1. Can you give the FRET efficiency for R73 and V115, using 1/(1 + (r/R0)^6), R0 = 22 Å, r = Cβ-Cβ distance, to the nearest 0.05?
2. Once the other residues with Cβ under 9 Å from the Cβ of T171 are scored (Lys, Arg +1; Asp, Glu -1), what is the net sum?
3. Quick one: net charge around V51, please, counting Lys, Arg +1 and Asp, Glu -1 for every other residue with C-beta under 13 Å from its C-beta.
4. In debye to the nearest 20, how big a dipole does region 3-233 give about its Cα centre with +1 on each Lys and Arg Cβ and -1 on each Asp and Glu Cβ?
5. Counting DSSP beta bridges with both partners in the chain, what percentage is antiparallel, nearest 5?
6. Taking only Cα atoms and a 10 Å spring cutoff, compute GNM fluctuations for the chain and point out the largest among H68, H184, H211.
7. Using amide H atoms built in the peptide plane, which far-off residues or other-chain residues are under 5 Å from F76 H to H?
8. Given a Förster distance of 25 Å, report the FRET efficiency between D56 and D94 from their Cβ-Cβ distance, rounded to the nearest 0.05.
Amino acid sequence: ARTAAVIPAAGRGVRLGPGAPKALRALNGTPMLIHAVRALAASRAVSLVVVVAPPDGAAEVKSLLDAHALPERTDFLVVPGGDTRQESVKLGLDALPPEYDIVLVHDAARPLVPVDTVDAVIEAVRDGAAAVVPALPLADTVKEVEPAAVPGDPEPVVATPDRARLRAVQTPQGFDRATLVRAHETVTEDVTDDASMVERLGPAVVVVPGHEEAFKVTRPLDLVLAEAVLARRRL
Ligand code: CTP
Ligand code: MG
């Protein structure tokens, strides 16, 4: 089984605030996207990385990847992305050569995922799961609310799901390629991760342990944390 990684990196990073597209922002001097690509290429099983670049940034991403060495065994491709993460992943899948039968989808915004997490996801797909997600228990209690019509108004609580049964889901998510392609061709609702498309289709999705360092860089505070983690690793 050959494994490829699709890395959606086409988002603007609105919640991070003004500046370059999020994936191109530097963490300790190196673009976030490069950290993310290296994190996936660190797995010996990953022989191709497909980077889905900001629509007007494919040439820039291509030259960044040319300038930062990857392991000898790892090829890469760059394709322009779309308006939503879902579209961007689909565009990445469309570019995959036929010989890859396992696909990982990994957010460029999770630049610090450890290779052991990547390998655990691949292993679970190799063991027969159609879809695998790394996830962690929640620290916070979660409440379902009736969203306020006016932002900032108090919101009525509707329910409190049992926290012990909840997991916060990360990437890379791993898939049998045919299953993921079918999901992207079939599911038209908006989703926030790839595994939820497979859930709608039917095949079982399984969870393996995630890692704290696979957190998503979303808001400015996350940049502080990411740079501190890198400094601790001396990168
Ligand atoms: N992504 C993408 N194409 C889009 C939107 C998002 O490839 N049209 C990617 C982002 O680049 C990121 C991942 O999907 O690597 C997760 O998305 P998110 O963290 O929401 O990033 P952004 O959409 O860039 O951030 P924001 O929602 O704050 O604008
Ligand atoms: Mg987004």
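Just so you know, all these numbers are worked out from the coordinates, no wet-lab data involved. Since the model is a prediction, treat every value here as computed from it, not as a measurement. Positions of Cβ are backbone-derived with ideal geometry, glycine not excepted, and every protein chain shown enters the neighbour counts.
1. Efficiency, rounded to the nearest 0.05: 0.95.
2. Numbers: positive: R110, K216; negative: D107, D193, D194.
Net charge in that neighbourhood comes out at -1.
3. Numbers: positive: R38, K62; negative: E60, D66, D75, D107.
Within the 13 Å Cβ shell, the charges total -2.
4. Around 520 debye, computed over region 3-233.
5. Of the beta bridges lying entirely in the chain, close to 40 percent run antiparallel.
6. Comparing H68, H184, H211 in a Gaussian network model of the chain, the most mobile one is H68.
7. V49
8. On the way: r = 19 Å, r/R0 = 0.76.
With a Förster radius of 25 Å, E is 0.85.
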